[in-house]
Amino acid sequence: MNVFTTPPPHPTKPPPQAFREFYATYAPRLWGFVLLAHLPATQSETILINTVRKAWQQLQSPIQSNTPCFSHILRVAYLEGLPINSSLATAIRQTRHP
């Protein structure tokens with residue numbers, strides 16, 4: 001199973017269009033990295049949900065008005081409990097240096 005083709009969970013309520021675009025852009029890639037950590041499903045989903053929510057809130061704040069880059073989103077995921085194991089570290093390096 002390729003973790004980068006497994007779709008991430010979707011929000012249950014219809015969010016605003018801007019958030020849908022943000023989620024569609026970043027959640028699938030983030031979900032692939034979360035799956036590489038081999039955590040229980042509920043923990044993986046919690047990390048994804050909390051990371052996307054916090055990254056979105058930071059994007060909305062006047063202090064951080066620049067477009068978020070994926071490395072910032074990964075940092076938020078790490079702060080939310082995403083462990084950096086060897087397979088995840090390798091995948092991160094490969095996305096930075098193809």
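Determine if region 46-57 includes at least one residue that is among the charged types (D, E, K, R) and either within 14 Å of the chain's Cα centre (by Cα) or at pLDDT 85 or above (or both).
yes
Is there any pair linking a residue in region 80-92 that is acidic (Asp, Glu) to one that is in a helix (DSSP H, G or I), with Cβ under 8 Å and at least six apart or on different chains, and which?
80/46; 80/47; 80/50; 80/51; 80/54
Out of 68, 62, report the one residue that is modelled with pLDDT under 90, assigned to a loop (DSSP other than H, G, I, E, B) and surrounded by 14 or more Cβ atoms within 10 Å (Cβ to Cβ).
68
Go through region 73-98 and count every residue that is at pLDDT 85 or above and in a helix (DSSP H, G or I).
7
The values are calculated or read from the model by the stated rules, or taken from the named source; none is laboratory data. Model, not experiment: these values are computed from the prediction. Heads up, the Cβs are rebuilt from the backbone with ideal geometry, glycines too, and the neighbour counts pull from every protein chain shown.
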